[in-house]
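The values are calculated or read from the model by the stated rules, or taken from the named source; none is laboratory data. None of these values were measured; they are calculated from a predicted model. Cβ sites come from the backbone with ideal geometry, for glycine too, and all protein chains shown count toward neighbours.
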Amino acid sequence: MTRLNALGLALAATMAAAALIAAPTVNATVLCKNTTTNPCSAKYPAKTTLSFALQTGTKLIFEEAAMGGLVLDECTSSAIASLTENEGKMGEKVRANVETKGWTWAGCSRNTVTEAGGQFEIDWIPGSNHGTVTAKKFKVKVETALYGVCIFLFENVDFGTLTEGAPAQLDVDVIPTEDINKHCPPTQMTATFIATSPTTTLAVAER
């Protein structure tokens, strides 16, 4: 082998290794009906309804993200209804689609509506029965007293954590990507949702 060929092979090997290191890791993720086996032995199939309602006695809050920021809006009721489009498999997150009418609001201090539905991606957290939830394409309009109409875009942002349970719990702590109208400062939304479908065990597991 010539020195040139050897250098070429070494360079190719180095580039391949770098690509493997740089490639993002996607866990094998499924939604599971039990937590007794791993990998999961009883999976929720595609087209499963995942619905959540704001935990009774709590509030969903929009507030300025800066420490000590002002509360812009708070709601005493909110519900999210979604439908999974896949079961999940190696290298694939579970995706759940939400129609515009599928995210509702009530008892809000300011007028609050969903302008556009979107998608949740659920990714298993290794060593647990829980998963991270990413939000994509959602738009929520809040008519604030201080900044006027703000339309918050949730595009590929960490939405919260789905915790195994019967029913499961969705803890939301998210800063929307931006206010499309450019009226509002960085804003944080927090809430605790409880699964209303299914109400039996819902866990996030490795396939």
Q) When the range 74-101 is examined, which residues are found to be among the acidic types (Asp, Glu) and closer than 20 Å to Leu170 by Cα? A) Glu74, Glu85, Glu87, Glu99
Q) Here is a list of conditions, (1) closer than 20 Å to Leu70 by Cβ; (2) surrounded by fewer than 16 Cβ atoms within 10 Å (Cβ to Cβ), and Cys108 meets all of them except one; can you say which number that is? A) (2)
Q.
Considering only residues that are closer than 19 Å to Gly165 by Cα, outside any strand (DSSP E or B) and within 18 Å of the chain's Cα centre (by Cα), which ones fall in the range 45-74?
A. Thr48, Gln55
Q. Which is touching a helix residue (DSSP H, G or I) at 6+ places or on another chain (Cβ under 6 Å), in a strand (DSSP E or B) and of a type in the set (Gly, Ala, Ser), of Ala106, Ala81?
A. Ala81
(Q) It is to be established whether one or more residues within the range 189-205 are at pLDDT 95 or above, within 12 Å of the chain's Cα centre (by Cα) and over 15 Å from Leu50 (Cα atoms). (A) no
Q. Residues Glu178, Glu164: which one is among the charged types (D, E, K, R), over 20 Å from Met67 (Cβ atoms) and touching a Phe, Trp or Tyr at 6+ places or on another chain (Cβ under 9 Å)?
A. Glu178
Q. Taking the range 79-122 on its own, how many of its residues are of a type in the set (A, V, I, L, M, F, W, C), touching a Gly at 6+ places or on another chain (Cβ under 9 Å) and farther than 15 Å from Phe52 by Cα?
A. 1
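Here is a yes/no grid of residues against (1) surrounded by fewer than 16 Cβ atoms within 10 Å (Cβ to Cβ); (2) of a type in the set (Asp, Glu); (3) in contact with a strand residue (DSSP E or B) (Cβ under 6 Å, 6 or more places away or on another chain):
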{"site": "Thr49", "(1), (2), (3)": "yes, no, yes"}
{"site": "Met67", "(1), (2), (3)": "yes, no, no"}
{"site": "Leu70", "(1), (2), (3)": "yes, no, yes"}
{"site": "Ile80", "(1), (2), (3)": "no, no, yes"}
{"site": "Ala116", "(1), (2), (3)": "no, no, yes"}
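I'd like to check which strands (runs of 3 or more DSSP E) are fully inside the range 129-207 and have at least 2 residues that are surrounded by fewer than 22 Cβ atoms within 10 Å (Cβ to Cβ) and acidic (Asp, Glu). Quick ask: steps written out before the conclusion?
Numbers: elements: 131-136, 138-144, 148-154, 157-163, 169-174, 187-197, 203-205.
Filter on the range 129-207 gives 169-174.
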